[in-house]
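All remarks here apply to the structure that follows.
The values are calculated or read from the model by the stated rules, or taken from the named source; none is laboratory data. On a predicted model such as this, the values are computed, not experimentally measured, just so you know. For neighbour counting, all protein chains shown are included, and Cβ atoms are generated from backbone atoms with ideal geometry for every residue, glycine included.
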Ligand code: FEO
């Protein structure tokens, strides 16, 4: 077999999948690759694996380069099964290998692949691992694109292993972008738009972090390995992940029994304003309905919340909601929120009213289906006064709306 070498003792050991692969509700017309890498050092290390259905084939291919029993570390940058799917097959043939991943990944991998009795090494931002001749440095990249993700950087080879980030979905026997017989830029951007863009807030954080690393090659887990014009590809991500729209407006309308829903409303306001979105906020019990409706007409996003009392909304809010379904509010983003003590029925009633309008009503189900994000929840439900954990939840949901408002894609 031809060995695909990235650097001394560093090999591609992945799988080319030239089917029209169903993936994230897309069909990958050009197929894809699942790139994994072997660093054949004194403590041999594998970085990522392949899709679940190719696990045995992956281990057979790897075995042509090394006896798997000698593998000391298996790095899992991301648990989604197109990259961790070969772990069960590999772990069974590499009984001495320690699995290296972030803290949130440990239980996922144990449960997915029945690895409860295996050794795990949990790494954090900035941790390094000496693999005997090479040193790996880890950076956590939470929510890019799932909570447990990290990237790995080989300090001696100056190679970045960012898993999904900087990937392309193209099945090709040409492994390096500079050897492809066409310009891969459109595929690179297409991948970014399809998979990465909803998470672009975290791309911006990553780009900043990369400034501290001397990256000479990017070896992602799908498609082409980038070893020329590296900065061009990083700059493309920087450009694509930037906010492209400004001058957006949001209206928040609430009623509050004991100020807890008011605190949620004010948190939403603060987070939107931190994103340079102009916010108008109304307590429906203390404001003219006409002023509220006028503001909603002008807004790009509308947040509506109430405390729950006797399983219903409180105050004048329903009067406002009844008028909304008579208005043309097409194109606006809408979200419900509220504080509650027992079941929070008011929040669901608001959500029902919003669904009767022609606004784009946010729901947890829709977010999961379109982005895979599980940390973003709609409606925003807070039990009693928001604690730190709930404030974080409000932040995730509100920044999601801000990101929708601030990008044309
Ligand atoms: Fe290529 Fe998130 O998996």
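Number of residues in the stretch 294-316 that are out of contact with any strand residue (DSSP E or B) (no Cβ under 7 Å at 6 or more places or on another chain), over 22 Å from residue 339 (Cα atoms) and in contact (Cβ under 8 Å) with a residue 24 or more places away in the chain equals 1.
Residue-by-condition table, conditions (1) within 17 Å of residue 132 (Cβ to Cβ); (2) touching a helix residue (DSSP H, G or I) at 6+ places or on another chain (Cβ under 9 Å); (3) surrounded by 21 or more Cβ atoms within 10 Å (Cβ to Cβ):
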residue	(1), (2), (3)
29	no, no, no
58	no, yes, yes
63	no, yes, no
70	yes, no, no
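Scanning the stretch 331-367 for residues that are within 24 Å of residue 202 (Cα to Cα), in contact with a strand residue (DSSP E or B) (Cβ under 8 Å, 6 or more places away or on another chain) and not in a strand (DSSP E or B) yields one hit, 362. If you take the residues of the stretch 141-156 that are touching a strand residue (DSSP E or B) at 6+ places or on another chain (Cβ under 8 Å) and buried (at least 19 other Cβ atoms within 10 Å of the Cβ), which of them is nearest to residue 374 (Cα to Cα)? Among them, the one singled out is 148.
Pick from 370, 374: which is outside any helix (DSSP H, G or I), in contact (Cβ under 8 Å) with a residue 60 or more places away in the chain and within 16 Å of the ligand (Cβ to nearest atom)?
Working: 370 fails: outside any helix (DSSP H, G or I).
The conditions single out 374.
If we only count strands (runs of 3 or more DSSP E) wholly inside the stretch 1-54, which ones have 1 or more residues that are closer than 14 Å to residue 220 by Cα and at pLDDT 95 or above? Of the strands (runs of 3 or more DSSP E) lying wholly inside the stretch 1-54, those with at least 1 residues that are closer than 14 Å to residue 220 by Cα and at pLDDT 95 or above span 5-7, 10-12, 15-17, 32-34, 37-39, 45-47. Taking the listed residues 68, 81, 95, the one that is within 16 Å of the ligand (Cβ to nearest atom) and at pLDDT 95 or above is 81, with no other qualifying.
Rundown of residues vs (1) away from the ligand (no atom under 13 Å from the Cβ); (2) surrounded by 17 or more Cβ atoms within 10 Å (Cβ to Cβ); (3) not in a helix (DSSP H, G or I), yes/no style:
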{"site": "186", "(1), (2), (3)": "yes, no, no"}
{"site": "194", "(1), (2), (3)": "no, no, no"}
{"site": "200", "(1), (2), (3)": "yes, yes, no"}
{"site": "205", "(1), (2), (3)": "yes, no, no"}
{"site": "209", "(1), (2), (3)": "yes, no, no"}
{"site": "215", "(1), (2), (3)": "yes, yes, yes"}
{"site": "223", "(1), (2), (3)": "no, yes, yes"}
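Count of the stretch 139-170 residues, restricted to those that are more than 13 Å from the ligand (Cβ to nearest atom), out of contact with any helix residue (DSSP H, G or I) (no Cβ under 8 Å at 6 or more places or on another chain) and part of a loop (DSSP other than H, G, I, E, B), is 4.
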